[in-house]
Amino acid sequence: MPKSRIYLDHNASAPLRPEARAALVAALEEAGNPSSVHAHGRRMKALLDGAREAVAALLDVAPGRVVFTSGATEANALALQGLAAALGAGRIIHSAIEHDAVRAPARALGLPLTELDARVDGGVDVDAFVTAAHDAVARGERPFVALMLANNETGVVQPVAALAEGLRGIDAPEGLTPILFSDAAQAIGKRPVSFPTLGVHALALSGHKFGGPQGTGALVLAEGVEPRPQLRGGGQERRRRAGTENVAGLAGLGAAAKAAGVDFATKEPERIGRLRDRLERMLAEAVPGVKIIGQDAERLPNTSAVALSGVSAETQVIALDLAGVSVSAGAACSSGKVTQSAVLTAMGIAEEAARSTIRVSLGRDSTEADVDGFLAAYRALAAREGANRIEEMTA
Ligand code: PLP
């Protein structure tokens, strides 16, 4: 892609970090199966172990708690299908702002399901979750609760640790204690996350959301928590997920995890946050009527959900694309189709605004020049659309 284009869609996929590319390419030079006992196999196993240690260190867990997968979708499926089954879940409780990679496997389970809306500021109400879990326990259903750590569209950080505490306070008999899972695909690598502090039973992450290769991820498990494998065959990943591991990709994931730790130490998220805040400030000055969804809540430092009533998200994305800026509309990252955002609807955002919201997501390669380029393109788009509307009204 020419350098002149501006990439502001890091929540869809972040560019591969140089450290990750180097580790991936180096691993591709090696031959061998990490399960083989000979020297070639042991070398691949060492690469895999190194990657596992790096991911574990980023989250403050023991390496043995990290199960490598092909991404967050697979990690979510292993949690929803494998863990829920292994622990005898009787009811799924999740927020209505979860990614489809949680909602779809949750629905497929066929268990009773409670879906809880978010507030208009983008956060969820912990008490509503605890009450739903409490009621499930009272009915004799073991609750399996899923709450994402940060929303992919708004960047709003969800109160997962507070929810864990609330769930621990439920007086449940043996076998009915609530289980808490978090899809942390958008949070990991963008802000420091300590697994033990979060207090969840399991957490999913995705490599390509923070500079690792696409097709890599992990499910991280608390001590003593074991899912039923969804892929059966060989004994890889301690029999939790069969199939020869993607050693090169995972070596890249490990390198990205290590590099993310350095980012946190050097306050890179704060730099990105300042850039994002500048973008929002200048946007509000330049384009009257523009609204930032979730602006008052605690958010990821890189994400901005920008609403311009009267101009569909699709029109905005296309106009910005023609102007050389890549952003996305709502959550429709998998189909390529632009649909009304289910996340914004679940937050109670008016239909008109929900249809007119784009997601701008920055990353470590983002610069002030990128923000300026975006602002110029957006100003032009807003002026053109405003003129069109006046023409329509006077025609
Ligand atoms: N969960 C969330 C919150 C996401 O934003 C995404 C990607 O868009 C996924 C899960 C899926 O991740 P992956 O592409 O690694 O399967």
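The values are calculated or read from the model by the stated rules, or taken from the named source; none is laboratory data. The model shown is predicted, which means the values in this text are computed figures rather than measured ones. Counting neighbours? That spans all protein chains shown, and the Cβs are built from the backbone with ideal geometry, glycine included.
Some observations on this one:
- Summed over region 104-130, the residues that are farther than 16 Å from residue 89 by Cα and within 16 Å of the ligand (Cβ to nearest atom) give a count of 5.
- Matching option when the condition is within 16 Å of the ligand (Cβ to nearest atom) and either in a strand (DSSP E or B) or surrounded by fewer than 24 Cβ atoms within 10 Å (Cβ to Cβ) (or both), among 181, 264: 181
- Region 135-159, residues that are within 18 Å of residue 97 (Cα to Cα), crowded, with 24+ Cβ neighbours inside 10 Å and more than 14 Å from the chain's Cα centre (by Cα): 144, 145
- If the condition is being under 23 Å from the mean Cα position of the chain (by Cα) and surrounded by fewer than 18 Cβ atoms within 10 Å (Cβ to Cβ), then region 162-178 contributes 162, 165.
- Meets criteria (over 20 Å from residue 258 (Cα atoms) and not hydroxyl-bearing (Ser, Thr, Tyr)) for residue 67: no
- Tally, over region 212-229, of residues that are within 10 Å of residue 83 (Cβ to Cβ) and either part of a loop (DSSP other than H, G, I, E, B) or within 16 Å of the ligand (Cβ to nearest atom) (or both): 5
- In region 236-243, the condition of being aliphatic (A, V, I, L, M) and not in a loop (DSSP other than H, G, I, E, B) is met by no residue.
- The combined condition, being within 14 Å of the ligand (Cβ to nearest atom), in contact with a Leu (Cβ under 8 Å, 6 or more places away or on another chain), within 21 Å of residue 189 (Cα to Cα) and not basic (Lys, Arg), is fulfilled by residue 75.
- If you check 242, 187 for being at pLDDT 95 or above, out of contact with any His (no Cβ under 7 Å at 6 or more places or on another chain) and either closer than 14 Å to residue 55 by Cα or within 14 Å of the ligand (Cβ to nearest atom) (or both), only one passes: 187.
- Tally, over region 157-178, of residues that are under 27 Å from residue 265 (Cα atoms) and in a loop (DSSP other than H, G, I, E, B): 2
- Among the residues of region 231-269, those identified as of a type in the set (S, T, N, Q) and closer than 28 Å to residue 80 by Cβ are 236, 244, 246.
- Residue selected from region 193-216 under the condition at positive phi and touching a residue at least 40 places away in the same chain (Cβ under 8 Å), by the criterion surrounded by the most Cβ atoms within 10 Å (Cβ to Cβ): 211
- In the set 100, 135, only one residue is without any contact (Cβ under 8 Å) to a residue 24 or more places away in the chain and acidic (Asp, Glu); that residue is 135.
Residues checked against (1) in contact (Cβ under 8 Å) with a residue 60 or more places away in the chain; (2) surrounded by fewer than 18 Cβ atoms within 10 Å (Cβ to Cβ); (3) in contact with a Leu (Cβ under 7 Å, 6 or more places away or on another chain):
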| position | (1), (2), (3) |
| --- | --- |
| 4 | yes, yes, no |
| 8 | yes, no, yes |
| 14 | yes, no, no |
| 22 | yes, yes, no |
| 27 | yes, no, yes |
| 45 | no, no, no |
| 49 | no, yes, no |
| 57 | yes, yes, no |
| 65 | yes, no, yes |
